Amino acid sequence: MMEQIVDIASWILIVLGSFFIITGAAGMLRMPDLFTRMHAASVIETLGATLLVVGLMLQAGFTLVSAKLVFVLLLFFFIGPVAAHALAQAALHAGVEPMLDEDRRNREPPGGAEKNETDPVEPKT
Amino acid sequence: MFFVASAAILVAIILVVVRAIRGPTVFDRVLAANAIGTLAILLLAAIGFLTGRPEWLDVGLTYGLLNLISMLAVLKFFRHGDLAYDGEEERETKA
Amino acid sequence: MRQVSLGLFLFAFWLILSGHYTPFLLAIGLGSVALAVYVSSRMRVVDAEGHPIGLLSRWLGYLVWLYIEIMKSAWAVTRIIIDPKLPISPTMTKVRASQKTPAGIATYANSITLTPGTITTDVKGNVLTIHALVRGGADDLEGGDMDRHVSGFERGRV
């Protein structure tokens, strides 16, 4: 009985994950420019990958395979932003202008009220 | 059910490959290559379960690490035209 | 101290990935861990920025909170993709990070990028340049809710 419930749950998770993966890939085709496509790609990396991997973990049970699947997720979590940031920065540097509805870049940034200098923060060791 | 997941990932890879072919800038293609790398890791995991051999996961992890390094190398090359470019040097000459 | 903790982490990583516990393979594992710790010490990357052990205790709680945020915004982006009209309004903006350490600012910038719908494109000092898929995403970040969470996670310090 318990096994059947776990089986059904992992089924649902895997199918949902597959759905979000295809949606993200379709979004990469539909979006009009590079930066908006990056948002679609991050749906694959976060929601799609998580649901699929958790579904696989339910199948594997409490084993070393599950531990490795956790590492796959952590890999996405630590590498995804690094790659996305490098890509966005390189594209802006190369002069790819994002398609924008509203540009607030020239405005004084809000937030961080108690600290207002724009100097680089020195590492404290 | 692992077959369903594998098929879905393959469909997604096809969609992303279309984006890689259409471009239009080199960065779109790098983004597509990175997404294909992500999908390949998931595909390797799904295939590992499909064939009952979870060793595929190790291949997937290694692939992910290599994917990041190759992507950074490509971006660095297109940004500076040189893989041996040193960011520290630029800061010193500017200062 | 940091070297010992890094070594323990790396060896635990080796044990989980390997799955074979014969004396020979364990010896090889210890050897490669020692080599990795030695090389990274020589590169001087084992410091508060490279191996922030002080953040470990609150790491899990923060990850759970971040996960819920990611799920919410990923669902929002999915709805935009599925919508036939594709209702996007790309916005670029700048926000200030209130974190005090480089590791904290990096955590904030990476959390923004991980959340679908917002990407950090540039970091200069404590000012982050953000690209958001819809105008509301930029407004939320300017509201500073995530900033406060990351600051709370960072406090207690390395």
Checking residue C:64 against (1) in the same structural domain as residue C:127 (by TED's automatic domain parsing); (2) in contact (Cβ under 8 Å) with a residue 12 or more places away in the chain; (3) closer than 25 Å to residue B:57 by Cα, which single condition isn't satisfied? (2)
List, please: which pairs have Cβ atoms under 8 Å, are six or more places apart or on different chains, and start with a residue in the stretch C:110-135 that is closer than 15 Å to residue A:99 by Cα and end with one that is acidic (Asp, Glu)? C:135/A:101; C:135/A:102
What are the residue pairs meeting all of these: first residue in the stretch C:1-19, first residue in a loop (DSSP other than H, G, I, E, B), second residue open to solvent by 60 Å² or more (accessible area, probe 1.4 Å), Cβ atoms under 9 Å, and 6 or more apart or on different chains? C:19/A:64
Give all pairs with beta carbons closer than 9 Å in which a residue from the stretch A:1-15 that is of a type in the set (D, E, K, R) meets a residue that is surrounded by 11 or more Cβ atoms within 10 Å (Cβ to Cβ); count only pairs at least 6 apart in sequence or on separate chains. A:7/A:58; A:7/A:59; A:7/B:1
Being within 27 Å of residue B:31 (Cα to Cα), at the interface with chain A (Cβ under 7 Å from one of its Cβ atoms) and open to solvent by less than 40 Å² (accessible area, probe 1.4 Å), is that true of even one residue in the stretch C:144-158? no
Among residues of the stretch C:106-123, those that are part of a helix (DSSP H, G or I), surrounded by fewer than 21 Cβ atoms within 10 Å (Cβ to Cβ) and more than 7 Å from chain A (Cβ to nearest Cβ), counted: 1
Does the stretch A:40-58 contain at least one residue that is free of Cβ contacts under 8 Å to residues at least 12 places away in the same chain and within 10 Å of chain B (Cβ to nearest Cβ)? no
Can you give me the number of residues within the stretch C:110-129 that are at pLDDT 85 or above and among the hydrophobic types (A, V, I, L, M, F, W, C)? 3
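Here is a yes/no grid of residues against (1) more than 30 Å from residue A:48 (Cα to Cα); (2) open to solvent by 50 Å² or more (accessible area, probe 1.4 Å); (3) not hydroxyl-bearing (Ser, Thr, Tyr):
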site: C:6; (1), (2), (3): yes, no, yes
site: C:14; (1), (2), (3): no, yes, yes
site: C:89; (1), (2), (3): no, no, no
site: C:95; (1), (2), (3): no, no, yes
site: C:99; (1), (2), (3): yes, no, yes
If we take chain B, then helices (runs of 4 or more DSSP H) inside it with 3 or more residues that are open to solvent by 20 Å² or more (accessible area, probe 1.4 Å), at pLDDT 85 or above and over 30 Å from residue C:19 (Cβ atoms) are B:2-22
Among the residues of the stretch C:6-56, count how many are of a type in the set (Val, Ile, Thr) and closer than 23 Å to residue B:57 by Cβ. 4
Condition test on residue A:64, is it farther than 28 Å from residue C:108 by Cβ, of a type outside the set (Asp, Glu) and modelled with pLDDT under 85? yes
With the structure loaded, tell me whether residue C:63 is open to solvent by 50 Å² or more (accessible area, probe 1.4 Å), under 25 Å from residue A:79 (Cβ atoms), modelled with pLDDT under 85 and within 18 Å of the chain's Cα centre (by Cα) or whether it fails that test. no
What is the residue count in the stretch C:80-93 for residues that are over 16 Å from residue A:33 (Cβ atoms) and in contact (Cβ under 8 Å) with a residue 24 or more places away in the chain? 1
Search the stretch A:79-91 for residues that are without any contact (Cβ under 8 Å) to a residue 24 or more places away in the chain and pair each with any residue that is of a type in the set (Val, Ile, Thr) and surrounded by 22 or more Cβ atoms within 10 Å (Cβ to Cβ) when their beta-carbon atoms are under 7 Å apart and the residues are at least 6 apart or on different chains. A:81/C:113; A:85/C:113; A:85/C:120; A:89/C:121
Condition first: part of a helix (DSSP H, G or I) and at pLDDT below 80. Can you find one or more residues in the stretch C:79-91 that meet it? no
Scan the stretch C:94-107 and report the pairs whose first residue is touching a residue at least 24 places away in the same chain (Cβ under 8 Å) and within 14 Å of residue C:155 (Cα to Cα) and whose second residue is part of a loop (DSSP other than H, G, I, E, B) and of a type in the set (Ser, Thr, Tyr), with Cβ atoms within less than 6 Å and a gap of 6+ or a chain change. none
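The values are calculated or read from the model by the stated rules, or taken from the named source; none is laboratory data. Since this is a predicted model, take the numbers as computed values, not measurements. Here Cβ is always computed from backbone atoms with ideal geometry, including for glycine, and neighbour counts include all displayed protein chains. Heads up: the accessible areas ignore ligands, DNA and RNA and are worked out on the full protein's heavy atoms, side chains in. Shrake-Rupley method; radii C 1.70, N 1.55, O 1.52, S 1.80 Å.
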